[in-house]
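S.K.: Below you will find the structure I want to go over with you.
Readers should treat all values here as calculations from the given coordinates under stated rules, not as data from a laboratory. All values reported here derive from a predicted model rather than from experimental measurement. In this analysis, Cβ positions are derived from the backbone assuming ideal geometry, glycine residues included, and neighbour counts consider all displayed protein chains.
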Amino acid sequence: MAVKKTKIVLDADVIIHFAKAGRLHELPLILPEFQFMVLDVVKWEIPALLLSMLQKEISQEKTIAEETFGKTAGEVKEYARLISKDGPALGRGESACMVYCLYHHDVVGSSNTKDVTAYCEEKGITYLTTCDFLYYAIRRGKMTKAEANAFISEVRSMGSFPPLVNFDTYVCTKI
C-alpha cells in the first residue's frame, strides 16, 4: 500500500508567482515528498491566463491535485468565521487553505503572510511562502541563487510582490 503524502495546499499567490515566472511545472518537483494540491475556492482567484497553466498541471501532468473545499460542517463554520467582516475578514483563498490544513494536518503554501502567519502560528499549522519554496529549490539543486533572484525580479516586474530576500542568508526551518 502506498504511503499517504502530506499535502501542500497552494494558495493563489504562490501559484501566480510560479506561473508568472514560467515555473509552475517545477513547483511540485521542489518538494516531491509532498502532494501538491489546490482547492476549488482558490482556483476562482487565479487570473484566466494563468489558470490554463494550473489546469495543465492538474489535468495533463497530474503534478497538482484539485479538491473541493468545505466537506465538513466544521470546515464551513471556521471558514465563514475567518472571512466574516465581524471576524478577521481574511481572504477567501487563504482562509480555505488554512482551514483545510487545520482539519487535515497538512501544509499551507501561501505568501500572504499578513493573513496567514498569526492564524497558522496560533493553530500550529505549517506554512511555506514563495521564498521558502525558492530556498528549498536552491538547497536541493533545482535552482541556483541567481535563478531564484531572477525569479523574484521577473515576478515583481509583472505586478506581484514576493519579498526581496538575500538567499545567502535566508533560511527556512519550517519543514
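S.K.: How much length would be gained if the chain were fully extended between VAL171 and LYS71, taking 0.36 nm per residue of separation minus their Cα-Cα distance, in nm to one decimal?
M.R.: 32.4 nm
S.K.: Can you tell me which of 3-12, 145-154 comes out highest on packing, and rank the rest after it, using the mean Cβ neighbours within 10 Å?
M.R.: Most protected by this proxy first, the peptides run 3-12, 145-154.
S.K.: Give the label of the value calculated from the structure for Rg and Dmax of the Cα atoms in Å, choosing from [x] 26.5, 108; [y] 15.8, 50; [z] 15.5, 46.
M.R.: Matching entry in [x] 26.5, 108; [y] 15.8, 50; [z] 15.5, 46: [z].
S.K.: If you average the sequence gap of Cα pairs under 8 Å that are 6 or more apart and divide by the length of region 60-175, what percent do you get for the contact order?
M.R.: Relative contact order here is 16 percent.
S.K.: Moving on to the next point. Once every DSSP H run of n ≥ 4 in the chain is given -39500 (n - 2.57) and the sum is divided by its residues, what mean residue ellipticity at 222 nm do you get, rounded to the nearest 500 deg cm²/dmol?
M.R.: Calculated mean residue ellipticity at 222 nm is -13500 deg cm²/dmol.
S.K.: Measure off 7 Å from each Cα along the Cα-to-Cβ vector at ASP40 and HIS104, then give the distance between these two points in nanometres to one decimal.
M.R.: 1.3
S.K.: Here is a further query. Any idea what diffusion coefficient region 9-103 gets from Stokes-Einstein, in µm²/s, Kirkwood Rh on alpha carbon pairs, 25 °C, 0.890 mPa s?
M.R.: Estimated via Stokes-Einstein, D reaches 178 µm²/s.
S.K.: Can you tell me the FRET efficiency between THR6 and LEU164 if r is taken as the Cβ-Cβ distance and R0 is 30 Å, rounded to the nearest 0.05?
M.R.: With R0 = 30 Å, the Cβ-Cβ based efficiency is 0.55.
S.K.: I need the Kirkwood Rh of region 72-161: take the reciprocal of the average 1/r across all distinct C-alpha pairs and report it in angstrom.
M.R.: 14.4
S.K.: Something else now. Once you compute Rg and the Kirkwood Rh from C-alpha atoms, what is the Rg to Rh ratio for region 98-145?
M.R.: Rg/Rh: 1.06.
S.K.: Mind ordering 157-168, 128-139, 81-92 by average Cβ neighbours within 10 Å, highest first?
M.R.: Per-residue mean Cβ counts within 10 Å order the peptides as 128-139, 81-92, 157-168.
S.K.: Still on this model: What does the charge dipole of the chain about its Cα centre add up to, to the nearest 20 debye, if the Cβ of each Lys and Arg holds +1 and the Cβ of each Asp and Glu holds -1?
M.R.: It comes to approximately 200 debye.
S.K.: Using Cα atoms only, what is the angle between the long axis of helix 113-123 and the major principal axis of the chain, expressed in degrees (0 to 90) to the nearest 10?
M.R.: The answer is roughly 60 degrees.
S.K.: Another question about this same structure. What is the magnitude of the charge dipole of region 25-74 about its Cα centre, with +1 placed on the Cβ of each Lys and Arg, -1 on the Cβ of each Asp and Glu, and no other charges, expressed in debye to the nearest 20?
M.R.: For this selection, approximately 120 debye.
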